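All remarks here apply to the structure that follows.
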Amino acid sequence: MDIGMVSRRAVGALLGGLWLAGCLIGVASAADTDLSKTAGGVTVYLGIVPAEIVKGLPSGSTTERPMHGRTPKGPHEYHVVAAVFDAASGARISDAVVTAEVSGLGLSGAKKKLEPMQISGTTTYGGFFDLTGFDLYTVKLTVERTGASPAALQFKYDHRG
């Protein structure tokens with residue numbers, strides 16, 4: 001493998017990750033959009049990027065182990081990332097249990113616990129999902145916090161091209 005190709009790939013992956021982090025580190029008081037929702041006392045910003053961004057990082061460059069315990073392999077794998085904030089104060093929530101269910105139109109989907117991750121010194125939650133077809137996907141997130149009722153948020157993600 002050409003070392004120049006690995007370096008370009010690593011730089012591209014790093015820039016893509018930094019772009020995503022910048023998009024997710026916003027003020028939690030923004031109005032709801034397709035990829036930001038407020039419910040149950042939390043505001044969530046959702047990001048969905050090709051897992052290819054993660055594949056390009058050389059081993060050992062950012063963490064001691066692959067992200068979420070494995071290296072994504074399939075051509076249809078995507079990284080779902082959620083940044084969670086307290087809706088009243090705008091403070092980032094770093095101690096939640098976040099679960100995501102991703103399903104195509106009219107289909108049942110995969111349900112996974114999103115793992116906490118550190119991006120630019122802040123906590124976000126993420127996991128890999130297969131988006132095998134061009135479809136309108138529903139992403140259902142459940143945010144559980146100690147002393148609060150679970151918050152359920154539903155997003156639409158257009159993956160039709």
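Modelled with pLDDT of 85 or more and open to solvent by less than 70 Å² (accessible area, probe 1.4 Å): which single residue out of 81, 54 fits that description?
Values: 54 fails: modelled with pLDDT of 85 or more.
It is 81.
Looking at the stretch 89-139, which of its residues are among the polar types (S, T, N, Q), out of contact with any strand residue (DSSP E or B) (no Cβ under 7 Å at 6 or more places or on another chain) and modelled with pLDDT of 90 or more?
The answer is 89, and nothing else.
When you scan the stretch 151-161, how many residues do you find that are more than 18 Å from residue 111 (Cα to Cα) and surrounded by 13 or more Cβ atoms within 10 Å (Cβ to Cβ)?
Narrowing the stretch 151-161 to residues more than 18 Å from residue 111 (Cα to Cα): 158-161.
Still in the running and surrounded by 13 or more Cβ atoms within 10 Å (Cβ to Cβ): 159.
Residues that pass the stated criteria total 1.
Considering every residue within the stretch 137-150, establish whether at least one is of a type in the set (S, T, N, Q), open to solvent by 60 Å² or more (accessible area, probe 1.4 Å) and in contact with a Gly (Cβ under 9 Å, 6 or more places away or on another chain).
Yes, that holds for at least one residue.
What number of residues within the stretch 94-120 satisfy the criterion of being of a type in the set (Ser, Thr, Tyr) and assigned to a strand (DSSP E or B)?
Applying the first criterion (of a type in the set (Ser, Thr, Tyr)) to the stretch 94-120 yields 94, 99, 103, 108, 120.
Checking which are assigned to a strand (DSSP E or B) leaves us with 99, 103.
Of the residues in the stretch 94-120, 2 are of a type in the set (Ser, Thr, Tyr) and assigned to a strand (DSSP E or B).
Counting just the residues of the stretch 108-127 that are open to solvent by 70 Å² or more (accessible area, probe 1.4 Å) and touching a residue at least 12 places away in the same chain (Cβ under 8 Å), which one comes out farthest from residue 40 (Cα to Cα)?
So the residue we want is 120.
Restricting to the stretch 121-159, name every residue that is polar (S, T, N, Q) and in a loop (DSSP other than H, G, I, E, B).
132, 146, 149
The values are calculated or read from the model by the stated rules, or taken from the named source; none is laboratory data. Model, not experiment: these values are computed from the prediction. Positions of Cβ are generated from backbone atoms using ideal geometry, with glycine treated the same way; all protein chains shown enter the neighbour counts. When the accessible area is computed, the model is the full protein with side chains, heavy atoms only, and any ligands, DNA or RNA have been set aside. Shrake-Rupley method; radii C 1.70, N 1.55, O 1.52, S 1.80 Å.
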